[in-house]
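Here's the structure, in structure tokens; my notes come after.
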Amino acid sequence: EPGLNPYDARIKCDREKDGPLCYHQMGWIETFMNDPEVKATLGMNPQRKFESCNMAVNQAFMLQSDSMRNTPLLLTDMINDGVRLLIYAGNA
């Protein structure tokens, strides 16, 4: 429903104010993750820009009906294959 947060229907969403994911706090994460000192500490490529959600990539997944999947079982294989992961989660 327009005007509601798609992740928590109890919360209203103004995408102009709250951003495309309905959480203005995501901007705080982007600012932090794009800080040169943070990038250096994490060993990130200083030229790469961190995005909370790349909407073009998000849309490509949505168009393939692959928007949300339960992926924890994949993490062990990814780690064993040497993929470096950064996982963060909040509370709801």
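Derivation of every value follows stated rules applied to the coordinates shown; laboratory data play no part. Here the structure is a predicted model, which is why all the values come from computation and not from measurement. Every residue, glycine among them, receives a Cβ derived from its backbone with ideal geometry; neighbour counts consider all protein chains shown.
Brief remarks follow.
- The chain: Cys lacking any partner C-beta under 4.7 angstrom: 53
- The chymotrypsin sites (Phe, Trp or Tyr not before Pro) of the chain that meet both conditions, a loop assignment by DSSP and at most 15 other Cβ atoms within 10 Å of the site Cβ, are 7, 88.
- Where [x] 26, 20, 13; [y] 27, 15, 11; [z] 21, 14, 12 are the candidate values, the label of the one calculated here for semi-axes √(5λ) of the Cα gyration tensor in Å is [x].
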